[in-house]
Amino acid sequence: MKENAMRVLHFYKTYQSESYGGVEQTIYQLCKCSPASGIESEVLTLSESPEPAELMYHGHKVHRVKLDLHIASTGFSFSAIKRFAQLADDFDLVHYHFPWPFMDLVHFVTRINKPSVVTYHSDIVRYKALLQLYRPLMHRFLSSVDAIVATSPNYLQTSSVLAGYKDKTQVIPIGLDKSNYPTPSEPLMAEWQARIGDRFFLFVGAIRYYKGLHILLDAARGTNYPIVIVGAGPIEQELKQRAAEEGLSNVIFLGIVSDEDKVALLRQCYALVFPSHLRSEAFGISLLEGAMYGKPMISSEIGTGTSYINNHGETGIVVPPSDPDAFRAAMQQLWDDPGQAQAMGLRAQARYHKLFTARVMGESYATLYRDVLAMRGVTEPQASLRA
(Lines give C-alpha, C1' and ligand atoms only; values in the text may rest on other atoms or scores of the structure.)
Protein backbone atom coordinates (compact mmCIF):
# COMPACT_ATOMS: atom_id res chain seq x y z
CA MET A 1 0.00 0.00 0.00
CA LYS A 2 1.21 3.47 -0.83
CA GLU A 3 1.80 5.71 2.15
CA ASN A 4 -1.17 8.02 2.80
CA ALA A 5 -3.27 6.38 0.08
CA MET A 6 -6.99 6.61 0.67
CA ARG A 7 -8.64 3.18 0.88
CA VAL A 8 -12.04 2.73 -0.76
CA LEU A 9 -14.25 -0.35 -0.51
CA HIS A 10 -16.66 -0.96 -3.41
CA PHE A 11 -19.73 -3.02 -2.52
CA TYR A 12 -21.94 -4.62 -5.19
CA LYS A 13 -23.76 -7.90 -5.75
CA THR A 14 -21.58 -9.11 -8.65
CA TYR A 15 -18.14 -8.42 -10.03
CA GLN A 16 -16.01 -9.08 -13.09
CA SER A 17 -14.35 -12.21 -11.83
CA GLU A 18 -17.78 -13.86 -12.37
CA SER A 19 -20.06 -11.33 -14.11
CA TYR A 20 -19.45 -8.74 -16.85
CA GLY A 21 -22.23 -6.13 -16.86
CA GLY A 22 -22.01 -2.36 -17.01
CA VAL A 23 -21.84 -1.82 -13.24
CA GLU A 24 -19.07 -4.38 -12.91
CA GLN A 25 -17.17 -2.66 -15.72
CA THR A 26 -17.52 0.69 -13.95
CA ILE A 27 -16.13 -0.70 -10.69
CA TYR A 28 -13.31 -2.39 -12.57
CA GLN A 29 -12.33 0.81 -14.37
CA LEU A 30 -12.36 2.71 -11.04
CA CYS A 31 -10.18 0.10 -9.38
CA LYS A 32 -7.72 0.23 -12.27
CA CYS A 33 -7.46 4.02 -12.58
CA SER A 34 -7.77 5.12 -8.95
CA PRO A 35 -4.12 4.51 -7.91
CA ALA A 36 -3.07 7.40 -10.18
CA SER A 37 -5.14 9.66 -7.93
CA GLY A 38 -3.83 8.25 -4.65
CA ILE A 39 -6.75 5.87 -4.13
CA GLU A 40 -6.46 2.15 -3.42
CA SER A 41 -9.66 0.23 -4.13
CA GLU A 42 -10.93 -3.20 -3.15
CA VAL A 43 -14.23 -4.92 -3.87
CA LEU A 44 -16.68 -6.90 -1.73
CA THR A 45 -19.08 -9.00 -3.77
CA LEU A 46 -21.21 -12.13 -3.73
CA SER A 47 -20.17 -15.35 -5.44
CA GLU A 48 -22.01 -18.43 -6.66
CA SER A 49 -18.95 -20.52 -5.79
CA PRO A 50 -19.64 -22.95 -2.91
CA GLU A 51 -16.48 -21.84 -1.12
CA PRO A 52 -15.52 -18.40 -2.45
CA ALA A 53 -12.10 -17.07 -1.57
CA GLU A 54 -10.35 -13.74 -1.84
CA LEU A 55 -8.55 -13.19 -5.10
CA MET A 56 -6.34 -10.66 -6.82
CA TYR A 57 -7.97 -9.46 -10.01
CA HIS A 58 -5.83 -7.32 -12.32
CA GLY A 59 -3.96 -5.77 -9.41
CA HIS A 60 -6.73 -5.20 -6.86
CA LYS A 61 -8.22 -7.42 -4.16
CA VAL A 62 -11.71 -8.89 -4.50
CA HIS A 63 -13.36 -10.19 -1.32
CA ARG A 64 -15.99 -12.77 -2.19
CA VAL A 65 -18.72 -14.17 0.06
CA LYS A 66 -21.22 -16.91 -0.70
CA LEU A 67 -24.49 -16.03 -2.43
CA ASP A 68 -27.26 -17.71 -0.41
CA LEU A 69 -30.43 -16.59 -2.14
CA HIS A 70 -31.47 -14.76 -5.32
CA ILE A 71 -34.90 -13.09 -5.54
CA ALA A 72 -36.02 -10.55 -8.18
CA SER A 73 -32.46 -9.77 -9.33
CA THR A 74 -31.40 -9.24 -5.71
CA GLY A 75 -28.66 -11.42 -4.22
CA PHE A 76 -28.70 -12.15 -0.47
CA SER A 77 -25.81 -13.40 1.64
CA PHE A 78 -25.78 -13.92 5.41
CA SER A 79 -21.98 -13.98 5.53
CA ALA A 80 -21.80 -10.65 3.65
CA ILE A 81 -23.19 -8.80 6.68
CA LYS A 82 -20.35 -9.85 8.98
CA ARG A 83 -17.69 -9.51 6.27
CA PHE A 84 -18.85 -6.02 5.32
CA ALA A 85 -18.65 -4.88 8.95
CA GLN A 86 -15.12 -6.28 9.26
CA LEU A 87 -13.86 -4.76 6.03
CA ALA A 88 -15.54 -1.36 6.22
CA ASP A 89 -13.84 -0.65 9.52
CA ASP A 90 -10.46 -0.76 7.76
CA PHE A 91 -11.38 1.54 4.89
CA ASP A 92 -11.64 5.30 4.68
CA LEU A 93 -14.77 5.33 2.55
CA VAL A 94 -17.44 2.93 1.32
CA HIS A 95 -18.56 3.22 -2.30
CA TYR A 96 -21.97 1.63 -2.84
CA HIS A 97 -23.42 0.80 -6.26
CA PHE A 98 -27.20 1.17 -6.58
CA PRO A 99 -29.64 -0.55 -7.06
CA TRP A 100 -29.24 -3.54 -4.76
CA PRO A 101 -31.80 -3.60 -1.89
CA PHE A 102 -29.78 -6.08 0.17
CA MET A 103 -26.94 -3.53 0.22
CA ASP A 104 -29.26 -1.02 1.88
CA LEU A 105 -30.08 -3.56 4.58
CA VAL A 106 -26.41 -4.31 5.21
CA HIS A 107 -25.68 -0.57 5.46
CA PHE A 108 -28.16 -0.21 8.32
CA VAL A 109 -27.77 -3.59 10.05
CA THR A 110 -24.01 -3.15 10.47
CA ARG A 111 -24.42 0.46 11.70
CA ILE A 112 -21.24 1.47 9.94
CA ASN A 113 -20.72 5.21 10.21
CA LYS A 114 -18.19 5.56 7.42
CA PRO A 115 -18.00 8.31 4.80
CA SER A 116 -20.05 6.96 1.92
CA VAL A 117 -20.70 7.54 -1.77
CA VAL A 118 -23.31 5.78 -3.90
CA THR A 119 -23.24 5.61 -7.66
CA TYR A 120 -26.85 5.59 -8.80
CA HIS A 121 -26.62 3.41 -11.87
CA SER A 122 -30.32 2.96 -12.58
CA ASP A 123 -33.87 3.39 -11.38
CA ILE A 124 -35.65 0.16 -10.54
CA VAL A 125 -37.69 -0.33 -13.68
CA ARG A 126 -38.92 -3.91 -13.81
CA TYR A 127 -40.30 -4.83 -10.37
CA LYS A 128 -43.03 -2.22 -9.80
CA ALA A 129 -44.89 -4.09 -7.04
CA LEU A 130 -41.74 -4.93 -5.08
CA LEU A 131 -40.55 -1.34 -5.50
CA GLN A 132 -43.52 -0.16 -3.44
CA LEU A 133 -42.37 -2.37 -0.57
CA TYR A 134 -38.72 -1.35 -0.97
CA ARG A 135 -39.33 2.39 -1.41
CA PRO A 136 -39.14 3.40 2.31
CA LEU A 137 -35.81 1.58 2.78
CA MET A 138 -34.49 3.00 -0.50
CA HIS A 139 -35.20 6.58 0.50
CA ARG A 140 -33.80 6.03 3.99
CA PHE A 141 -30.61 4.67 2.42
CA LEU A 142 -30.22 7.46 -0.13
CA SER A 143 -30.84 10.03 2.61
CA SER A 144 -28.15 8.50 4.81
CA VAL A 145 -25.21 8.47 2.36
CA ASP A 146 -22.94 11.49 2.05
CA ALA A 147 -23.03 11.87 -1.73
CA ILE A 148 -24.82 10.43 -4.75
CA VAL A 149 -23.41 10.19 -8.28
CA ALA A 150 -25.52 10.05 -11.43
CA THR A 151 -23.72 8.73 -14.49
CA SER A 152 -25.15 11.31 -16.90
CA PRO A 153 -26.94 14.67 -16.72
CA ASN A 154 -29.74 13.07 -18.75
CA TYR A 155 -30.41 10.50 -16.03
CA LEU A 156 -30.29 13.10 -13.26
CA GLN A 157 -32.86 15.18 -15.13
CA THR A 158 -35.26 12.32 -15.83
CA SER A 159 -35.10 10.17 -12.65
CA SER A 160 -38.02 10.84 -10.31
CA VAL A 161 -36.01 9.30 -7.46
CA LEU A 162 -32.95 11.49 -7.95
CA ALA A 163 -35.18 14.57 -8.15
CA GLY A 164 -35.45 14.39 -4.36
CA TYR A 165 -31.67 14.36 -3.83
CA LYS A 166 -30.34 16.98 -6.24
CA ASP A 167 -28.66 18.85 -3.38
CA LYS A 168 -26.31 15.91 -2.77
CA THR A 169 -26.05 14.52 -6.32
CA GLN A 170 -23.42 15.28 -8.93
CA VAL A 171 -22.76 13.87 -12.38
CA ILE A 172 -19.67 11.77 -13.09
CA PRO A 173 -19.92 9.91 -16.41
CA ILE A 174 -18.63 6.36 -16.69
CA GLY A 175 -15.21 6.25 -18.36
CA LEU A 176 -13.19 3.60 -20.18
CA ASP A 177 -9.45 3.14 -20.57
CA LYS A 178 -8.70 2.07 -24.12
CA SER A 179 -5.31 0.71 -23.08
CA ASN A 180 -7.15 -2.03 -21.14
CA TYR A 181 -8.51 -3.38 -24.42
CA PRO A 182 -6.43 -5.83 -26.51
CA THR A 183 -5.08 -4.97 -29.92
CA PRO A 184 -6.29 -7.57 -32.42
CA SER A 185 -3.70 -9.13 -34.70
CA GLU A 186 -3.67 -8.38 -38.41
CA PRO A 187 -4.52 -12.01 -39.28
CA LEU A 188 -7.56 -11.81 -37.00
CA MET A 189 -8.67 -8.55 -38.63
CA ALA A 190 -8.26 -10.14 -42.05
CA GLU A 191 -10.21 -13.21 -40.91
CA TRP A 192 -13.21 -11.11 -39.85
CA GLN A 193 -13.06 -9.03 -43.01
CA ALA A 194 -13.16 -12.17 -45.11
CA ARG A 195 -16.05 -13.55 -43.06
CA ILE A 196 -18.28 -10.45 -42.82
CA GLY A 197 -16.74 -7.66 -44.89
CA ASP A 198 -15.94 -4.16 -43.73
CA ARG A 199 -19.38 -2.56 -44.04
CA PHE A 200 -21.72 -3.84 -41.37
CA PHE A 201 -23.75 -2.55 -38.45
CA LEU A 202 -22.72 -3.94 -35.07
CA PHE A 203 -24.59 -4.55 -31.82
CA VAL A 204 -22.66 -5.65 -28.73
CA GLY A 205 -24.33 -6.50 -25.43
CA ALA A 206 -26.34 -8.89 -23.34
CA ILE A 207 -29.41 -10.14 -25.18
CA ARG A 208 -32.06 -9.05 -22.67
CA TYR A 209 -35.61 -7.75 -22.84
CA TYR A 210 -34.69 -4.06 -22.63
CA LYS A 211 -32.04 -4.12 -25.37
CA GLY A 212 -34.67 -3.68 -28.08
CA LEU A 213 -33.27 -6.30 -30.43
CA HIS A 214 -36.79 -7.19 -31.59
CA ILE A 215 -36.94 -3.60 -32.85
CA LEU A 216 -33.63 -4.08 -34.67
CA LEU A 217 -35.01 -7.21 -36.38
CA ASP A 218 -38.07 -5.24 -37.48
CA ALA A 219 -35.78 -2.51 -38.80
CA ALA A 220 -33.70 -5.08 -40.70
CA ARG A 221 -36.73 -6.28 -42.65
CA GLY A 222 -36.48 -5.29 -46.29
CA THR A 223 -32.81 -4.31 -46.10
CA ASN A 224 -29.70 -6.11 -47.29
CA TYR A 225 -26.87 -4.57 -45.27
CA PRO A 226 -25.23 -6.91 -42.76
CA ILE A 227 -26.21 -6.54 -39.09
CA VAL A 228 -23.93 -8.38 -36.66
CA ILE A 229 -25.15 -9.17 -33.13
CA VAL A 230 -22.53 -10.04 -30.51
CA GLY A 231 -23.62 -11.35 -27.12
CA ALA A 232 -25.81 -13.89 -25.38
CA GLY A 233 -28.74 -13.79 -23.03
CA PRO A 234 -32.18 -15.06 -22.02
CA ILE A 235 -33.99 -14.22 -25.27
CA GLU A 236 -31.20 -15.13 -27.71
CA GLN A 237 -32.82 -18.33 -29.04
CA GLU A 238 -36.18 -16.61 -29.42
CA LEU A 239 -34.61 -13.87 -31.55
CA LYS A 240 -32.60 -16.33 -33.63
CA GLN A 241 -35.73 -18.35 -34.37
CA ARG A 242 -37.64 -15.22 -35.37
CA ALA A 243 -34.83 -14.06 -37.68
CA ALA A 244 -34.79 -17.48 -39.34
CA GLU A 245 -38.58 -17.61 -39.75
CA GLU A 246 -38.63 -14.13 -41.32
CA GLY A 247 -35.71 -14.90 -43.66
CA LEU A 248 -33.46 -12.19 -42.24
CA SER A 249 -30.29 -13.69 -43.71
CA ASN A 250 -28.45 -10.37 -43.32
CA VAL A 251 -28.69 -10.63 -39.51
CA ILE A 252 -25.72 -12.56 -38.11
CA PHE A 253 -25.71 -13.82 -34.52
CA LEU A 254 -22.17 -14.48 -33.28
CA GLY A 255 -22.88 -15.25 -29.62
CA ILE A 256 -20.15 -14.50 -27.09
CA VAL A 257 -16.75 -13.70 -28.61
CA SER A 258 -13.33 -13.11 -27.08
CA ASP A 259 -12.21 -9.61 -26.12
CA GLU A 260 -9.79 -9.59 -29.06
CA ASP A 261 -12.56 -10.59 -31.46
CA LYS A 262 -14.85 -7.92 -30.01
CA VAL A 263 -12.24 -5.21 -30.56
CA ALA A 264 -11.65 -6.48 -34.11
CA LEU A 265 -15.37 -6.16 -34.81
CA LEU A 266 -15.56 -2.72 -33.19
CA ARG A 267 -12.65 -1.51 -35.29
CA GLN A 268 -14.01 -2.97 -38.49
CA CYS A 269 -17.72 -2.15 -38.27
CA TYR A 270 -19.36 0.67 -40.22
CA ALA A 271 -21.53 1.92 -37.33
CA LEU A 272 -22.80 0.81 -33.94
CA VAL A 273 -26.51 0.14 -33.43
CA PHE A 274 -28.01 0.27 -29.94
CA PRO A 275 -31.81 -0.12 -30.00
CA SER A 276 -32.43 -0.27 -26.21
CA HIS A 277 -35.94 1.06 -25.64
CA LEU A 278 -36.43 1.01 -21.85
CA ARG A 279 -34.86 2.94 -18.96
CA SER A 280 -33.28 -0.27 -17.71
CA GLU A 281 -30.53 0.78 -20.15
CA ALA A 282 -29.19 3.50 -17.90
CA PHE A 283 -25.90 4.31 -19.66
CA GLY A 284 -24.72 1.98 -22.43
CA ILE A 285 -21.12 0.82 -22.01
CA SER A 286 -21.16 -0.88 -25.43
CA LEU A 287 -22.31 2.37 -27.02
CA LEU A 288 -19.37 4.11 -25.35
CA GLU A 289 -17.02 1.46 -26.73
CA GLY A 290 -18.26 2.33 -30.20
CA ALA A 291 -17.46 6.00 -29.59
CA MET A 292 -14.05 5.05 -28.24
CA TYR A 293 -13.27 3.33 -31.55
CA GLY A 294 -14.55 6.26 -33.59
CA LYS A 295 -17.82 4.80 -34.87
CA PRO A 296 -21.05 6.65 -35.62
CA MET A 297 -23.96 5.43 -33.51
CA ILE A 298 -27.70 4.90 -33.75
CA SER A 299 -29.63 4.75 -30.48
CA SER A 300 -33.07 5.54 -29.04
CA GLU A 301 -34.15 8.44 -26.86
CA ILE A 302 -35.00 6.93 -23.47
CA GLY A 303 -33.90 9.79 -21.23
CA THR A 304 -30.73 8.08 -20.02
CA GLY A 305 -27.00 8.19 -20.61
CA THR A 306 -27.31 6.69 -24.08
CA SER A 307 -28.25 10.14 -25.43
CA TYR A 308 -25.36 11.70 -23.51
CA ILE A 309 -22.89 9.39 -25.24
CA ASN A 310 -24.62 9.67 -28.61
CA ASN A 311 -25.40 13.34 -29.14
CA HIS A 312 -27.97 13.50 -31.94
CA GLY A 313 -26.62 15.00 -35.15
CA GLU A 314 -23.07 15.22 -33.77
CA THR A 315 -21.94 11.67 -33.05
CA GLY A 316 -24.78 9.77 -34.66
CA ILE A 317 -28.55 9.59 -34.87
CA VAL A 318 -31.03 9.30 -31.98
CA VAL A 319 -34.50 8.04 -32.88
CA PRO A 320 -37.73 7.57 -30.89
CA PRO A 321 -37.84 4.32 -28.87
CA SER A 322 -39.69 1.28 -30.21
CA ASP A 323 -39.83 2.77 -33.72
CA PRO A 324 -38.35 0.30 -36.24
CA ASP A 325 -39.21 2.54 -39.20
CA ALA A 326 -37.19 5.41 -37.70
CA PHE A 327 -34.34 3.02 -36.84
CA ARG A 328 -34.32 1.64 -40.40
CA ALA A 329 -34.29 5.17 -41.84
CA ALA A 330 -31.33 6.08 -39.61
CA MET A 331 -29.38 3.04 -40.80
CA GLN A 332 -30.19 3.90 -44.40
CA GLN A 333 -29.06 7.49 -43.86
CA LEU A 334 -25.65 6.44 -42.59
CA TRP A 335 -25.30 3.64 -45.15
CA ASP A 336 -25.96 6.01 -48.04
CA ASP A 337 -23.61 8.74 -46.81
CA PRO A 338 -20.16 7.36 -45.86
CA GLY A 339 -18.79 10.89 -45.51
CA GLN A 340 -21.35 11.80 -42.88
CA ALA A 341 -20.84 8.47 -41.09
CA GLN A 342 -17.08 8.98 -40.93
CA ALA A 343 -17.42 12.56 -39.68
CA MET A 344 -19.83 11.48 -36.95
CA GLY A 345 -17.46 8.70 -35.92
CA LEU A 346 -14.56 11.15 -35.58
CA ARG A 347 -16.72 13.47 -33.47
CA ALA A 348 -17.80 10.51 -31.32
CA GLN A 349 -14.17 9.66 -30.65
CA ALA A 350 -13.37 13.28 -29.79
CA ARG A 351 -16.32 13.33 -27.36
CA TYR A 352 -15.03 10.12 -25.75
CA HIS A 353 -11.60 11.70 -25.16
CA LYS A 354 -13.17 14.82 -23.70
CA LEU A 355 -15.80 13.30 -21.40
CA PHE A 356 -15.56 9.54 -21.07
CA THR A 357 -12.01 8.40 -20.31
CA ALA A 358 -11.28 6.38 -17.19
CA ARG A 359 -8.73 9.02 -16.21
CA VAL A 360 -11.37 11.76 -16.14
CA MET A 361 -13.74 9.49 -14.20
CA GLY A 362 -11.05 8.48 -11.69
CA GLU A 363 -9.94 12.05 -11.04
CA SER A 364 -13.56 13.17 -10.57
CA TYR A 365 -14.27 10.41 -8.05
CA ALA A 366 -11.00 11.09 -6.20
CA THR A 367 -12.04 14.73 -5.80
CA LEU A 368 -15.48 13.67 -4.58
CA TYR A 369 -14.01 11.18 -2.09
CA ARG A 370 -11.77 13.88 -0.61
CA ASP A 371 -14.65 16.34 -0.46
CA VAL A 372 -16.76 13.78 1.42
CA LEU A 373 -13.95 13.07 3.89
CA ALA A 374 -13.44 16.80 4.41
CA MET A 375 -17.19 17.24 4.97
CA ARG A 376 -16.92 14.56 7.67
CA GLY A 377 -13.94 16.37 9.19
CA VAL A 378 -11.41 13.75 8.10
CA THR A 379 -8.19 15.50 7.07
CA GLU A 380 -6.06 12.37 6.46
CA PRO A 381 -6.88 8.81 5.38
CA GLN A 382 -7.44 7.26 8.80
CA ALA A 383 -7.58 3.65 7.68
CA SER A 384 -4.29 4.10 5.85
CA LEU A 385 -2.65 5.46 8.97
CA ARG A 386 -3.83 2.44 10.99
CA ALA A 387 -2.44 0.14 8.32
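The values are calculated or read from the model by the stated rules, or taken from the named source; none is laboratory data. Remember, it's a predicted structure, so these values are computed and weren't measured experimentally. Positions of Cβ are backbone-derived with ideal geometry, glycine not excepted, and every protein chain shown enters the neighbour counts. For accessibility, only protein heavy atoms count, side chains too; no ligands or nucleic acids. Shrake-Rupley method; radii C 1.70, N 1.55, O 1.52, S 1.80 Å.
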Pairs with Cβ under 8 Å, 6+ apart, first in segment 70-95 and in contact (Cβ under 8 Å) with a residue 60 or more places away in the chain, second loosely packed, with under 14 Cβ neighbours inside 10 Å | GLY75/LEU69; ASP90/ARG386; ASP90/ALA387
Scan THR74, THR110 and give me the residue that is among the hydroxyl-bearing types (Ser, Thr, Tyr), farther than 21 Å from ILE172 by Cα and modelled with pLDDT of 95 or more.
-> THR110
Exception for ALA326 within (1) farther than 25 Å from TYR120 by Cβ; (2) out of contact with any strand residue (DSSP E or B) (no Cβ under 6 Å at 6 or more places or on another chain); (3) open to solvent by 10 Å² or more (accessible area, probe 1.4 Å) falls at (2)
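Among GLU363, GLU289, GLU314, GLU301, which is among the charged types (D, E, K, R) and in the same structural domain as VAL117 (by the TED database)?
Numbers: GLU289 fails: in the same structural domain as VAL117 (by the TED database); GLU314 fails: in the same structural domain as VAL117 (by the TED database); GLU301 fails: in the same structural domain as VAL117 (by the TED database).
Unique residue meeting the criteria: GLU363.
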Of the numbered conditions (1) at pLDDT below 95; (2) part of a loop (DSSP other than H, G, I, E, B); (3) under 28 Å from ASN311 (Cα atoms), TYR210 satisfies every one except a single condition; which is it?
-> (2)
Has segment 361-373 got any residue that is among the hydrophobic types (A, V, I, L, M, F, W, C) and open to solvent by 30 Å² or more (accessible area, probe 1.4 Å)?
-> no
Could you pull out every one of the strands (runs of 3 or more DSSP E) wholly within segment 4-61 that has 2 or more residues that are among the acidic types (Asp, Glu)?
-> 39-47
Among (1) open to solvent by less than 20 Å² (accessible area, probe 1.4 Å); (2) in a helix (DSSP H, G or I), where does ARG351 come up short?
-> (1)
Enumeration of residues in segment 285-321 that are open to solvent by 10 Å² or more (accessible area, probe 1.4 Å), part of a loop (DSSP other than H, G, I, E, B) and hydroxyl-bearing (Ser, Thr, Tyr) = TYR293
Say whether the condition of being among the aliphatic types (A, V, I, L, M) and open to solvent by 40 Å² or more (accessible area, probe 1.4 Å) is met by at least one residue in segment 109-124.
-> yes
